[in-house]
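In what follows, a structure is listed as structure tokens, so that the remarks can point back to it.
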Amino acid sequence: MTAEDEIRRGSEAARLLSEPLLKKAFEDLKAGIVQQWSEVPARDAEGREWIWRHYKAVEATEGMLRTYVESGRIALSRLEPTRVEKVKKFFVR
């Protein structure tokens, strides 16, 4: 992947993470999962484990998007100064 590709991916991830609808979706997913977890009987260890994996999957998705943002910023910082201005527009929206 080229530096410009990483920068574009990071920019898009930043845009997604700032979208109110996606933020709300992540919040609602996590809240729903926590609610399910609170309703699982104590004897249902398998059910709790299944719910825990879903919660971690949501966290991993958010984390991956944040990683893309950070790798895009790092790629931008490593570009030659003359190329920075050319691709900086991807982070300015």
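Just so it is clear, none of the values below were taken in a lab; they were calculated from the coordinates. If you're wondering where the values come from, they're calculated on a predicted model, not measured in any experiment. We place every Cβ from the backbone using ideal geometry, glycine too, and count neighbours over all the protein chains shown.
Stokes-Einstein diffusion for the range 10-58 at 20 °C, viscosity 1.002 mPa s, with a Kirkwood radius from C-alpha pairs, works out to 177 µm²/s. Here the contact order of the chain, divided by its residue count and restricted to Cα pairs under 8 Å and six or more residues apart, works out to 54 percent. Multiplying the residue separation of Thr61 and Leu21 by 0.36 nm and subtracting their alpha-carbon distance yields 12.9 nm. Using the Cβ atoms and a cut-off under 13 Å, what net charge is assigned to the surroundings of Lys30, where Lys and Arg are +1 and Asp and Glu are -1? Overall, the nearby charge balance is -1.
Over the chain, DSSP H runs of length four or greater, each weighted -39,500 (n - 2.57), average out per residue to a 222 nm ellipticity of -29000 deg cm²/dmol. Normalising the Debye intensity of the chain to I(0), with uniform scatterers on Cα atoms only, and taking log10 at q = 0.11, 0.16, 0.21, 0.26 Å⁻¹ returns -0.46, -0.70, -0.94, -1.19.
When each of the peptides 1-8, 65-72, 18-25 is scored by how many other beta carbons lie within 10 Å of its residues on average, the order from highest to lowest is 65-72, 1-8, 18-25.
Label-to-label distance for Trp52 and Lys30 is 1.8 nm, based on points extended 7 Å past Cα in the beta-carbon direction.
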